[in-house]
1. Can you find, among ALA118, CYS11, ALA45, the residue sitting farthest towards the positive end of the charge dipole of segment 1-132, where Lys and Arg contribute +1 and Asp and Glu -1 at Cβ?
2. Quick one: check the C-alpha center-to-center distance for segment 115-154 versus segment 50-100, whole angstrom.
3. Taking only the Cα atoms of segment 70-113, how large is their convex hull per residue, in Å³?
4. Using amide H atoms built in the peptide plane, which far-off residues or other-chain residues are under 5 Å from SER149 H to H?
5. Take the alpha carbon gyration tensor of the chain, find the square roots of its eigenvalues, order them as a ≥ b ≥ c, and report rounded if a/c is under 1.5; if not, report prolate when a/b exceeds b/c, else oblate.
6. Can you tell me which of 78-85, 167-174 comes out highest on packing, and rank the rest after it, using the mean Cβ neighbours within 10 Å?
7. Once you order the gyration tensor axes a ≥ b ≥ c over the Cα atoms, which shape class does segment 1-71 get: rounded for a/c under 1.5, otherwise prolate or oblate by comparing a/b with b/c?
8. If the reach is capped at under 15 angstrom between alpha carbons, list the aspartates and glutamates near LYS301, excluding any in the same chain fewer than eight residues apart.
Amino acid sequence: MRIVFMGTPQCAATALEALLENFYEVVGVFTQPDKPSGRGKELKAPAVKELAEKYGLPVFQPENLTSIDVLQDLDLLLPDIIIVVAYGKIIPKQILDYPNHGCINIHFSLLPKYRGAAPIAYAVKNGEEETGISIFKLEEKLDTGPIYSQVSIDITEDDTTQTLEEKLTTLSIPLLFKTLSDIVSGEADCGIQNDEEATYAPQFKKSDGLIDWTKSSDEIFNHIRAMNPWPCAYTQVDSKMLKVWGARKILNPKSQNPNESGKIIEINNDGIVVGTGDGAILLTEVQIESSRRMSAADFIKGHSIKAGDILR
């Protein structure tokens with residue numbers, strides 16, 4: 001089949017490269033426009049664009065998919081199918097209906113759970129024990145289309161949104177190949193989603209990273225993992241933002257006084273013990289504003305932080 005690929009971040013680039021390395025006929029790539037990045041706000045190309053240019057593929061970066069120019073581009077490419085992975089734009093009906101085999105999407109959840117832009121983060125934040133990959137046919141409504149294939153994976157306590165995305169990306173490749181094979185052979189079987197079981201995972205805002213120390217240790221632990229790598233969990237210490245990249249549960253905390261939520265209970269060789277709504281949690285990796293990311297043990301050596309200080 002002639003494939004048009006639509007995607008933007010690294011997880012999408014990984015899927016695109018797998019298609020190219022396995023000799024699938026990718027005839028063109030659509031991705032988001034370059035965006036300002038870093039302190040200098042220089043334009044940075046999406047990971048998918050960088051990879052596509054490396055392979056000499058035509059790259060299209062429309063601001064608006066409803067433009068007549070997009071259909072003209074598709075007329076030149078003549079795709080049999082469009083594969084969408086974390087593109088970041090709603091695909092309009094005129095494009096959904098264009099290829100013979102429609103548009104398929106690799107979604108990082110077990111649909112109908114966690115429809116939307118941040119399914120992995122919500123699965124981690126909500127303490128789910130498993131998640132997975134769903135490959136489905138795109139419709140006009142958000143992530144509602146019939147499902148071609150699914151596969152599940154356990155979520156461990158060591159997983160963050162970033163590590164889980166990497167696992168799911170790897171898991172998605174053989175599932176994509178099998179789905180494409182089934183579509184070509186006419187053996188693909190679609191299962192209809194039950195909308196009554198649907199949950200949603202909208203994109204987080206930067207402010208969503210703020211830690212609420214009155215919540216339970218489990219909730220805070222899951223929050224820290226879910227916010228890694230973006231927007232990153234954070235708190236305030238001495239009027240400065242302190243990002244929290246890593247934490248561990250404490251089995252037998254010294255304090256279970258809810259009045260000590262956010263109070264530094266102890267500083268030790270493992271990190272910073274902070275009171276929560278039902279106990280305490282150990283911060284293991286942090287980053288004070290205008291500084292680099294480091295272990296909490298190293299942070300303690302260079303900063304005047306002590307037991308009794310309050311994180312807000």
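1. Farthest towards the positive end: ALA118.
2. 22 Å
3. It comes to 86 Å³ per residue, whole-number rounded.
4. It is ILE135, by chain and number.
5. Working: a/c = 2.72, a/b = 1.96, b/c = 1.39.
It is prolate, given that a/c is not under 1.5 and a/b is the larger ratio.
6. Details: 78-85: 21.4, 167-174: 18.4.
So the order, starting with the most tightly packed, is 78-85, 167-174.
7. Details: a/c = 2.52, a/b = 1.30, b/c = 1.94.
Cα axes put segment 1-71 in the oblate bin.
8. GLU266, ASP270, GLU285
Quick note: the coordinates plus some simple rules give every number you see, no bench work behind them. Computed from a prediction, not measured in an experiment: that's the story for all the values here. We place every Cβ from the backbone using ideal geometry, glycine too, and count neighbours over all the protein chains shown.
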